[in-house]
Amino acid sequence: MVRLDRNGADLVVLGERGADHTSRAGDTERPPPRTAPADWSERHLQTTAGRTWEQSAGEIADAVREAFDSSGAEAVVLIGGEAHERHLVHDKLPSRLRAVTYESEHGGRAPGAERDLVERDIAQIRAVREREHVAQVTDRFRTGAGSGGRSAPRAAAGIPALVEAARAHRIETLLVSPHGADIARQVWVGEGVDQLAVRGADVQAMGEERPATARADDALVRCAVAGGAEIVVVRDLEQAPEGGLGAILRRSEGEPPE
C-alpha cells in the first residue's frame, strides 16, 4: 500500500490478514534493501523544494518497485492524494506492476485518515483478486481436463485419479469446493503423508500396519500441501469441479513444454 500526498509517500507492506509493515523512503537516507516482508520497517518519501511532482512520482515508483520485489507482495494499492498524483505514480511503474496496481481516493498520510474506508477498499480489491485467481485456476482446470491426444493429462478428477496424483506429488493446484459430493468420501491413510489410497489393503502394502479412514478432502489437502501444491477453494458451484475436487497437474518428467 502506498499512502500519497503532495509532500511525498509512505510505503506499507500488508500481510494476508491486513497486518502491515510500513516502510518510508525519500531523498533523505534510505535503509538498505530488504529481502523479506518482516524486515520492512517504515520508509518515507519526502518531496523537496523545487522538485516537480513528476520527478517525485518517479522516485516513489522506484521505491514501490523495490519494496514490491523485496517483500513478495502480490498487488499495489495507491491511496490518498489527488487523482492526477496517483495516476502519475501509476504511470511511472513498470508495466508488470501496473497490471496489479489499484487506486483508492480515500486515506492519506495523516494518522488514521479514513481508515475504515481504506480498509473497505483494500478488502474489495482483495476480493476482486481472489475471484480473478479462482477464475484463472478453474479455467486452467477445465482446459487441462479437456486435453487429450498424445500429451499427458494436465488435470485430474475423481477420487482414484486424485489419490494417485497426490501420492506421486503431481498436484500443482488442488481445487476444493465446500459443496461437492466427493469431499466427504472416505479414503484410507497411514501416518505418512504419502500413505494414501482408495483401499485399506493398498495402504498396508505401503508399510502401514493400521490404516485408518479419512475424509477425501482432508487427506488430499494434507498430501498435496506436503508436495508443495497450492490449495484453491472454489465456492461458486458453476466453477467448481464435478464432485467438488479436482487438480491441475504438474508436467511429467520428460514431458515437452506447452
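The values are calculated or read from the model by the stated rules, or taken from the named source; none is laboratory data. The model shown is predicted, which means the values in this text are computed figures rather than measured ones. Don't worry about glycine lacking a Cβ; one is built from the backbone with ideal geometry, like all the others, and counts go over all protein chains shown. Surface accessibility is based on the protein's heavy atoms, side chains included, excluding ligands, DNA and RNA. Shrake-Rupley method; radii C 1.70, N 1.55, O 1.52, S 1.80 Å.
Structure notes:
- Condition check for Gln186: free of Cβ contacts under 8 Å to residues at least 24 places away in the same chain, out of contact with any Cys (no Cβ under 7 Å at 6 or more places or on another chain) and not hydroxyl-bearing (Ser, Thr, Tyr): no
- Residues that are surrounded by 15 or more Cβ atoms within 10 Å (Cβ to Cβ) and under 23 Å from the mean Cα position of the chain (by Cα) within segment 184-221 comprise Asp217, Ala219, Leu220, Val221, listed in sequence order.
- Residue check for Leu245: open to solvent by less than 30 Å² (accessible area, probe 1.4 Å) and free of Cβ contacts under 8 Å to residues at least 60 places away in the same chain: no
- Matching residues in segment 166-182 - criterion: being open to solvent by less than 10 Å² (accessible area, probe 1.4 Å), assigned to a strand (DSSP E or B) and among the hydrophobic types (A, V, I, L, M, F, W, C): Ile171, Leu174, Leu175
- Inside segment 202-224, residues that are farther than 14 Å from Leu245 by Cα and without any contact (Cβ under 8 Å) to a residue 24 or more places away in the chain make up a count of 10.
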